[in-house]
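Read the structure below first, then the notes.
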Amino acid sequence: MIKIYIDGKWFDREQAKVSVFDHGLLYGDGVFEGIRAYNGRIFKLHEHVERLFGSAKAIMLDIGMSHEQMEKIIMQAVKNNNLKDAYIRVLVTRGFGDLGLDMRKCKKPTIVVIADRIELFPEFVYEQGIKLVTSSLRRTPHQCLSPNIKSLNYLNNILARAEAARAGAQEALLLNMEGYVAECSGDNIFYLKKGLVKTPPVWAGILPGVTRQTVIDLLRDQLKITVAEDLFTVPDLYQAEEVFVTGTGAEIIGVAEIDERKIKTGKPGKLTKDLTRLYREYASTNGTLVYETNSVLR
Ligand code: PXG
């Protein structure tokens, strides 16, 4: 069965391979996106493709096709696999080069699109919430590789996540170099206190999450709740009424505990639950339609 797109061709899972001389593998030199399809609709396709091209531009990587062409390939990847609900991973690496750092040796990028079944978090995660642990690692500052770029260099995040896992937590909380809360290893973070929701601003050193922006919009437009993009500290989170994380895979997950401090009752709060429901409704009805008629088999 045709499955995975690599540089204009479709490969079976086992045959989908890239060169060991690809700078994506040698140096993490590339960018990526994680996108979801709900019920035959790709959620926030334009936003993800926009961010992909923005990340590529920032690292001087010419993807060599238009946004529209990339969107078509992503849609085709979902179609070719007959998926309705899907997780889509798009990678653009610097491509095949030599063993040196010089990007000029890489003549064309490697483009990979994988559409797969989505591994959903079990429902109890949404019911019970997750534990966070403040990481000893800091989010890479703008002075280094900008955290605004979704690059293939994820080792900082992976090590932070491993540290959290060793402490029995599901996510790691990363601070910026100034000690303000930035985000989690693969999710953005929000909290509620006294009717006001806060999340760190993009300039604090975070990935501008597509889910983050969707949640900000839903809070403001649908729930009429004030959202401030503002700096805050870890104790602000300990003392919050509700804390939740957002991401393409996670959607909205409540935080039960941070560094062994229970958030209020230690269960996801009302706003978190309302948002999870609202977000799912929105995501399953608002994406780019993949199929002409929206009735396909999984
Ligand atoms: N921050 C970081 C550092 C991320 O990697 C998000 C926030 C949320 O962004 P979106 O656009 O998805 O709302 C991400 C998401 C995973 C996983 O398995 C998550 C991401 C990438 C790869 C894997 O949790 N990125």
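The table below gives the values:
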quantity	calculated
Pairs, first closer than 24 Å to TRP10 by Cβ in the stretch 46-73, second surrounded by 18 or more Cβ atoms within 10 Å (Cβ to Cβ) and at pLDDT below 95, C-beta under 7 Å, six or more apart	none
From LEU174, LEU155, residue being at pLDDT 95 or above and farther than 29 Å from PHE96 by Cα	LEU174
Qualifying positions in the stretch 162-180 - surrounded by 14 or more Cβ atoms within 10 Å (Cβ to Cβ) and of a type in the set (D, E, K, R)	GLU163, GLU171
Some residue of the stretch 200-218 being modelled with pLDDT of 95 or more, within 20 Å of SER135 (Cβ to Cβ) and hydroxyl-bearing (Ser, Thr, Tyr)	no
Pairs, first within 18 Å of ARG89 (Cβ to Cβ) and in a strand (DSSP E or B) in the stretch 19-32, second polar (S, T, N, Q) and more than 16 Å from the ligand (Cβ to nearest atom), C-beta under 6 Å, six or more apart	ASP22/THR110
Answer residue from the stretch 217-226, given it is in contact (Cβ under 8 Å) with a residue 24 or more places away in the chain, of a type outside the set (S, T, N, Q) and away from the ligand (no atom under 16 Å from the Cβ) and is farthest from ILE35 (Cα to Cα) among those	ILE225
Residue in the stretch 254-264 that is more than 17 Å from SER136 (Cα to Cα), outside the structural domain of ALA58 (by TED's automatic domain parsing) and either within 13 Å of the ligand (Cβ to nearest atom) or not in a strand (DSSP E or B) (or both) present	yes
Checklist (1) among the aliphatic types (A, V, I, L, M); (2) in a loop (DSSP other than H, G, I, E, B); (3) surrounded by fewer than 22 Cβ atoms within 10 Å (Cβ to Cβ) applied to LEU159, failing item	(2)
Any hit, the stretch 223-237, residues being in contact with a helix residue (DSSP H, G or I) (Cβ under 7 Å, 6 or more places away or on another chain), aromatic (Phe, Trp, Tyr) and in a loop (DSSP other than H, G, I, E, B)	no
Test: residue in the stretch 108-118 that is within 12 Å of the ligand (Cβ to nearest atom), closer than 27 Å to ASP236 by Cβ and touching a residue at least 40 places away in the same chain (Cβ under 8 Å)	no
Some residue of the stretch 272-286 being of a type in the set (A, V, I, L, M), more than 14 Å from VAL197 (Cβ to Cβ), in contact with a strand residue (DSSP E or B) (Cβ under 6 Å, 6 or more places away or on another chain) and surrounded by fewer than 21 Cβ atoms within 10 Å (Cβ to Cβ)	yes
Residue match in the stretch 128-135 (condition: within 22 Å of GLY34 (Cα to Cα), outside the structural domain of ARG51 (by TED's automatic domain parsing) and open to solvent by 20 Å² or more (accessible area, probe 1.4 Å))	no
Answer from ILE258, ILE225, ILE216, ILE253 - the residue that is out of contact with any Cys (no Cβ under 7 Å at 6 or more places or on another chain), over 25 Å from GLY179 (Cβ atoms) and not small (Gly, Ala, Ser)	ILE225
Residue list for the stretch 33-55, filter: within 11 Å of the ligand (Cβ to nearest atom) and part of a loop (DSSP other than H, G, I, E, B)	PHE43, LYS44
Filter pass, GLY186 being farther than 25 Å from PRO141 by Cβ, in contact (Cβ under 8 Å) with a residue 60 or more places away in the chain and in contact with a strand residue (DSSP E or B) (Cβ under 8 Å, 6 or more places away or on another chain)	no
Complete set of residues in the stretch 1-27 that are open to solvent by 80 Å² or more (accessible area, probe 1.4 Å) and modelled with pLDDT under 95	MET1, ILE2, ARG13, GLU14
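The values are calculated or read from the model by the stated rules, or taken from the named source; none is laboratory data. These figures come from a predicted structure and were not determined experimentally. Counting neighbours? That spans all protein chains shown, and the Cβs are built from the backbone with ideal geometry, glycine included. Surface accessibility is based on the protein's heavy atoms, side chains included, excluding ligands, DNA and RNA. Shrake-Rupley method; radii C 1.70, N 1.55, O 1.52, S 1.80 Å.
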